[in-house]
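One structure is given here, and the rest of the page talks about it.
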Amino acid sequence: MFTIPGPGKYVREVALVNEIGAYIRGFGNSALMIGGKTALSVVESTIAASLEKEGINHLGFVWYGGECSWSKVEELLAIVQEKKPEVLVAVGGGKAIDTVKAVAFAANLPLLAVPTIAATCAPATPIAIMYDDEGTFIEISHRSKAPNVVLVDTKVISAAPYRFLAAGIGDTLAKWFESSVSVQKSQPTALNQSAVRLAEGLYQLLLEKGPSAIETIKHGKVDQSVNDVIDSIILISGSVSGYGGDDCRTAAAHAIYSGLTIFPEVHDTYHGEIVAFGILSQLVLEGKSEETIRELISYYQKVELPYTLADMAITELSQEDWDRLGVVTVGIEDMDNMPFAVTPDMVVKAIQGADQIGRKVNQQ
């Protein structure tokens, strides 16, 4: 048996980035920071000051390239090989952090993750979600390093647009809906059964605290509901993936997310937002009642998650588009985790059904 449940250490504090140099020192004396442009601009001066204070050799801030793709990983690996840092620091959202996780794996270097938003569990998982250079999903890669330390600065996260936290809620909700069906194909074990129970607990916590956390963070504030939701999105959600592994990671909701990324208009919608709509589609695929789906949509309205295709800027699809979407989606490995065979036509009907229910809710 082999499992990597998550990062070596997870720390969440206000103004934590001010102390990053001390954490880096535990792994080496030189560091290269790689991340998103906006994310780096937010923390660059603070990190630089902390490195200087601790006497860490500062090797610069590098943009990750804008997409978590293998070509970007190769470009960054060349920079790493040139600069020869002893430690890598990933800064930003899920794609930026996943990219650096892949670089750290290839370079065999210690990695610290500094999420500047709480939108996915990427900072706390050993996998990387890979795309092509245009943003279309390719694969879930295990050529990725779980961070040695995750440093969550709630001051930084609370200053980001609240939509990121809402997206994180959407992505985390999927842990329960997907793991509860994907585990049906696996032999019960202590790990996967514990993962499913953890996912259910996450679901209940987000139902209870999600709306309050969104309202609080809209005002740039942090309270216990915000802390709990951040921990749920990043650490606990990542732990579900870590403990459950492939038995409990993804199913139709993420497959539908990946399928929808073939449409360029959806690329301005965040990962967790698309996954949230994927959950509704998965429920239709499973034959759940309209009442059940409407109840979830009611919650989506409270935390501002999309529940129609139009909410994701998809306003018109040709029959050719629908056919392509169905074929691509069933070809995504996540869909193999459903406990029954899924055809392209079933996917199309599920997405159309979810969209129809959402539009009916808007008309009332």
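The values are calculated or read from the model by the stated rules, or taken from the named source; none is laboratory data. Bear in mind the structure is a predicted one, so any value in this text is a computation, not a measurement. Note that each Cβ is placed from the backbone with ideal geometry, even for glycine, and that neighbours are counted across all protein chains shown. Protein only, heavy atoms only, side chains kept; ligands, DNA and RNA dropped before computing areas. Shrake-Rupley method; radii C 1.70, N 1.55, O 1.52, S 1.80 Å.
Which order do Ile129, Ile256 take when ranked by solvent-accessible area (1.4 Å probe, heavy atoms of all protein chains), largest first?
Solvent-accessible surface, decreasing: Ile129, Ile256.
With n ≥ 4 as the cut-off for DSSP H runs, can you work out [θ] at 222 nm for the chain, using -39500 (n - 2.57) per run divided by the number of residues, rounded to the nearest 500?
Numbers: 14 runs with 194 residues, N = 364.
One gets -17000 deg cm²/dmol as the mean residue ellipticity at 222 nm.
Could you tell me the calculated FRET efficiency between Lys185 and Ser289, based on Cβ-Cβ distance and R0 = 22 angstrom, to the nearest 0.05?
0.40
Provide the FRET efficiency to the nearest 0.05 for the Lys83-Ala313 pair, computing r from the beta carbons and using R0 = 35 Å. All intermediate terms of the calculation are to be shown ahead of the outcome.
Values: r = 39 Å, r/R0 = 1.12.
Given R0 = 35 Å and the Cβ-Cβ separation, E is 0.35.
What percentage of the solvent-accessible surface of the chain, computed with a 1.4 Å probe over protein heavy atoms, is contributed by carbon and sulfur atoms?
The nonpolar share, carbon plus sulfur, comes to 49 percent.
Over the heavy atoms of Ile127, what accessible area does a 1.4 Å probe trace out, to the nearest 10 Å²?
Counting only protein heavy atoms, the figure is 10 Å².
Roughly how much of Val156 is accessible, in Å² to the nearest 10, using a 1.4 Å probe?
30
Taking springs between alpha-carbon atoms closer than 10 angstrom, which of Asp311, Asp268, Asp98 fluctuates most in the Gaussian network model of the chain?
Of Asp311, Asp268, Asp98, the most mobile in the Gaussian network model is Asp268.
Could you tell me the convex hull volume per residue, in Å³, taken over the Cα atoms of the range 35-145?
On the way: hull volume 10.0 nm³, N = 111.
So the per-residue hull volume is 91 Å³.
Between beta-carbons, use under 11 Å as the cut-off and find the net charge around Glu13, counting Lys and Arg +1, Asp and Glu -1.
On the way: positive: Arg12, Lys155; negative: Glu19, Asp153.
Net of charged neighbours comes to 0.
What whole-number value in cubic angstrom gives the convex hull volume per residue for the C-alpha atoms of the range 89-242?
Working: hull volume 17.8 nm³, N = 154.
Given the Cα convex hull of the range 89-242, per-residue volume reads 116 Å³.
Take the residue pairs Lys101/Lys155; Lys288/Lys360; Lys84/Lys145; Lys95/Lys360 and return only those whose Cα atoms are more than 27 Å apart.
Beyond 27 Å: Lys95/Lys360.
Among [x] 17.0; [y] 17.9; [z] 21.1, which one is mean projected area of the Cα convex hull in nm² computed from these coordinates?
[x]
Rounded to two decimals, what ratio of Rg to Rh does the range 40-103 give with C-alpha atoms and a Kirkwood Rh?
On the Cα set of the range 40-103, Rg over Rh gives 0.97.
Skipping prolines and chain starts, which residues have an amide H placed within reach, meaning under 5 Å, of the one on Asn57, given they are 5 or more residues away or on another chain?
The answer is Ser30, Ala31.
With a 1.4 Å probe and every protein chain left in place, tell me how much accessible area Tyr257 has, in Å² to the nearest 10.
For Tyr257, the solvent-accessible surface is approximately 10 Å².
Can you tell me the length gained on complete extension of the stretch Glu333 to Lys53, counting 0.36 nm per residue apart and subtracting the Cα distance?
Full-extension gain reported as 96.1 nm.
Would you calculate the separation in nanometres between label points at Ser41 and Arg324, each defined as 7 Å from the Cα along the Cα-to-beta-carbon direction?
3.3
Given the Cα-Cα distance of Glu265 and Phe340 and 0.36 nm per residue of separation, how much length would full extension add, in nm?
The span from Glu265 to Phe340 would gain 23.9 nm if fully extended.
What's the center-to-center distance, using Cα atoms, between the range 112-138 and the range 280-336 in Å?
Centre-to-centre distance over Cα atoms comes out at 22 Å.
Just the number please: accessible area per residue for the range 215-266, 1.4 Å probe, all protein chains included, in Å².
29
Select from Gly242, Ile129, Ser298 the residue farthest towards the positive end of the dipole of the chain; place +1 on Cβ of Lys and Arg, -1 on Cβ of Asp and Glu, and compute about the Cα centre.
The residue sitting farthest along the positive end of the dipole is Gly242.
Using unit Cβ charges (K, R positive; D, E negative) and no other charged atoms, how large, in debye to the nearest 20, is the dipole of the chain about its Cα centre?
Taking the Cα centre of the chain as origin, the dipole is about 960 debye.
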